[in-house]
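A.B. asks: What follows is a structure written as structure tokens; I'll ask about it next.
The values are calculated or read from the model by the stated rules, or taken from the named source; none is laboratory data. Every value quoted in this text rests on a predicted model; they were computed, and no experiment measured them. Neighbour counts run over all protein chains shown; Cβ positions are idealised from the backbone, glycine included. SASA here: full protein model, heavy atoms, side chains in, ligands and nucleic acids out. Shrake-Rupley method; radii C 1.70, N 1.55, O 1.52, S 1.80 Å.
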Amino acid sequence: MTRAVRVGNITIGGGAKVSVQSMTNTLTTDISSTVAQINRLYNIGADLVRVSVPDEASAEAFSQIAKASPLPLIADIHFDYRLALKAIAAGAAKIRINPSNMGSSGIFEIVKAAKDKGIPIRVGVNRGSVKKEISPKELALLALDAAAELEDKGFYDIVLAVKSSDVRATIEAYRELHARCDYPLHIGLTESGTPKFGELKSAVAIGSLLADGIGDTIRVSLTAEPEAEIEAGIRILRAVGLRKDFVEVVACPTCARTNIDIVGIAEEIERKTKHLDKRLKIAVMGCIVNGIGESKVADFGVCGGKSQSAIFKNKEIIATVPNDKIIDELMRLVEEY
Ligand code: SF4
């Protein structure tokens, strides 16, 4: 098991629930827009939010944003350690640095301030910030070297990340890190791209790692609004079985035997139950070939017939309804649940 670090009211590592995070893309100096975006992220299920602090004015704004934020904030700092010191004083719950652009004396100052405030530091090494060609193993070793620099200063509240835009390289680098240290890991691809393919790539990389028990907090880095990153992250956690409190609609792929409008019914049930945090599985199946079996392993289900369909609850057929009443009957069962 990895070590645990505290980021505000969230624990990363040590067997805690895998948290999901994103990063604001408003100007940090635009305090009201940034706070509004953080609130939106909070409302859709984000656990943590990272905010860039690129200059003095942003460091000053960070203080007001931290006061108004419902979520612990991570200050993202590059090049200038003094901005990290300001962000720590302003209420950052964690600092993210990239050691390749921060001098050793600057890191020393950041460590001192983080220790005083009892906050962790994430050391993130991105493939894009390393000038020469390096292997995933070398990327992991770079992150460990950076961690060793903090350890030399007596600092161990560390989260590590080694990101690249390549799925296989990212998986290999994190496996290497996981084998060599017990620091909690922030996992994800970087620059994974536009929403559809970016989410797919991230799901393969993050999902493979999580399925192997690697990873303590995730970020899906998309060329999209941060809200899309949180939604994608939650979908990945659900798909890999780490978030179970939601309504899962299991539906067949349809074929020439399909008796009912599977696509329409499945989408409608999914839309109507999206807001529920109940652990519930509903099967929407087009005929008896796989319909009976899938309906029996779900909490509720429908197995489509020519004009009437069988509704299942707890492995039993409890009703036969006309096909235009399937959605009403399934939703009645959901409400009753
Ligand atoms: S459950 Fe029936 S309708 Fe659905 S894909 Fe299988 S055979 Fe086709």
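A.B. asks: Scaled to the compact-protein estimate 2.2 N^0.38 Å, what is the alpha-carbon radius of gyration of segment 247-336, rounded to two decimal places?
C.D. replies: Normalised Cα radius of gyration, segment 247-336: 0.94.
A.B. asks: With everything on Cα atoms, drop me the angle between helix 167-180 and the longest principal axis of the chain, reported from 0 to 90° to the nearest 10.
C.D. replies: The helix 167-180 is inclined about 60 degrees to the chain.
A.B. asks: Then there's this: In angstroms, what radius of gyration and Dmax does the chain have, counting Cα atoms only?
C.D. replies: Spelled out, the Cα radius of gyration and Dmax of the chain are 23.3, 76 Å.
A.B. asks: May I ask you to rank Tyr337, Tyr81, Tyr156 by accessible area, largest first, using a 1.4 Å probe over the protein chains only?
C.D. replies: Per-residue accessible area, sorted high to low, gives Tyr337, Tyr156, Tyr81.
A.B. asks: Could you tell me how far the Cα centroid of segment 156-215 sits from the Cα centroid of segment 34-49, in Å?
C.D. replies: So the two Cα centres are separated by 23 Å.
A.B. asks: Here is a further query. How high is the relative contact order of the chain, in percent, with contacts defined as C-alpha pairs under 8 Å that are six or more residues apart?
C.D. replies: Once divided by the residue count of the chain, the mean separation gives 12 percent.
A.B. asks: Give me the percent of accessible area attributable to carbon and sulfur for the chain, probe 1.4 angstrom. Mind showing how you got there, number by number?
C.D. replies: Details: 7940 of 15570 Å².
Taking all protein chains in place, the chain shows 51 percent carbon and sulfur surface.
A.B. asks: Pull out a ≥ b ≥ c, the square roots of the eigenvalues of the alpha-carbon gyration tensor of segment 4-97, then state rounded if a/c is under 1.5, prolate if not and a/b is larger than b/c, and oblate in the remaining case.
C.D. replies: On the way: a/c = 2.07, a/b = 1.27, b/c = 1.63.
Oblate is the answer for segment 4-97, as a/c is 1.5 or above yet b/c matches or exceeds a/b.
A.B. asks: Taking Cα atoms, how many degrees apart are the long axis of helix 195-211 and the longest axis of the chain, rounded to 10 and kept between 0 and 90?
C.D. replies: Computed tilt is about 80 degrees.
A.B. asks: OK, next. Rounding to the nearest 20 debye, state how big the charge dipole of segment 87-134 is about its Cα centre with +1 on each Lys and Arg Cβ and -1 on each Asp and Glu Cβ.
C.D. replies: Charge dipole, segment 87-134, about its Cα centre: 140 debye, nearest 20.
A.B. asks: At 1.4 Å probe size, what's the solvent-accessible area of Lys112? Round to the nearest 10 Å².
C.D. replies: The accessible area of Lys112 comes to roughly 100 Å².
A.B. asks: Taking +1 at the Cβ of each Lys and Arg and -1 at the Cβ of each Asp and Glu, which of Gly207, His275, Asn290 sits farthest along the dipole of segment 196-332 towards its positive end, judged by Cα position relative to the Cα centre?
C.D. replies: Among Gly207, His275, Asn290, the one farthest towards the positive end of the dipole of segment 196-332 is Asn290.
A.B. asks: Shifting gears a bit: Which entries of Lys17/Lys115; Lys196/Lys325; Lys115/Lys153; Lys201/Lys272 have Cα-Cα distances beyond 22 Å here? Don't skip to the answer; put the middle values down first.
C.D. replies: Numbers: Lys17/Lys115 25 Å; Lys196/Lys325 34 Å; Lys115/Lys153 10 Å; Lys201/Lys272 28 Å.
Pairs exceeding 22 Å: Lys17/Lys115; Lys196/Lys325; Lys201/Lys272.
A.B. asks: How far, in degrees from 0 to 90, does helix 56-68 lean away from the longest principal axis of the Cα atoms of the chain, to the nearest 10?
C.D. replies: 50
A.B. asks: For segment 236-265, which trypsin sites (Lys or Arg not before Pro) pass both filters: DSSP loop (anything but H, G, I, E, B) and at most 14 other C-beta atoms within 10 Å? It would help to have the intermediate numbers written out before the result.
C.D. replies: On the way: sites: Arg238, Arg243, Lys244, Arg257; in loops: Arg243, Lys244, Arg257.
Passing sites in segment 236-265 are Lys244, Arg257.
A.B. asks: Let me ask something additional. Placing +1 at every Lys and Arg Cβ and -1 at every Asp and Glu Cβ, with all other atoms neutral, what dipole size does the chain have around its Cα centre, in debye to the nearest 20?
C.D. replies: 480
A.B. asks: Quick one: go through segment 318-332 and flag any residue whose amide nitrogen is under 20 Å from the point 7 Å out along the Cα-to-Cβ line of Arg257.
C.D. replies: 321, 323
A.B. asks: Leaving ligands, DNA and RNA out of it, rank Met285, Met1 by accessible area with a 1.4 Å probe, largest first.
C.D. replies: Listed by decreasing accessible area, they come as Met1, Met285.
A.B. asks: For segment 1-157, just the Cα set please: Rg and Dmax, both in angstrom.
C.D. replies: Rg then Dmax for segment 1-157, in Å: 15.4, 43.
A.B. asks: Just check segment 65-135 against the gyration tensor rule for me: Cα atoms, a ≥ b ≥ c as the square roots of the eigenvalues, rounded for a/c under 1.5, and otherwise prolate or oblate depending on whether a/b exceeds b/c.
C.D. replies: It is prolate, given that a/c is not under 1.5 and a/b is the larger ratio.
A.B. asks: While we're looking at this one, here's another question. Tell me, what is the per residue accessible area of segment 83-198 in Å², probe radius 1.4 Å?
C.D. replies: Roughly 42 Å² per residue, with all protein chains present.
A.B. asks: Further question: Suppose we keep just the DSSP beta bridges with both residues in the chain; what percent of those would be antiparallel, to 5?
C.D. replies: Counting DSSP beta bridges with both partners in the chain, the antiparallel share is about 30 percent.
A.B. asks: Still on this structure, I have one more. Could you report segment 217-266's accessible area per residue, 1.4 Å probe, as an integer in Å²?
C.D. replies: Counting only protein heavy atoms, the per-residue value for segment 217-266 is 46 Å².
A.B. asks: Sort Asp30, Asp80 by accessible area with a 1.4 Å probe, largest first.
C.D. replies: Largest to smallest exposure gives the sequence Asp30, Asp80.
A.B. asks: Using the Cβ atoms and a cut-off under 13 Å, what net charge is assigned to the surroundings of Ile288, where Lys and Arg are +1 and Asp and Glu are -1?
C.D. replies: On the way: positive: Arg257, Lys296, Lys306; negative: Glu294.
Net of charged neighbours comes to +2.
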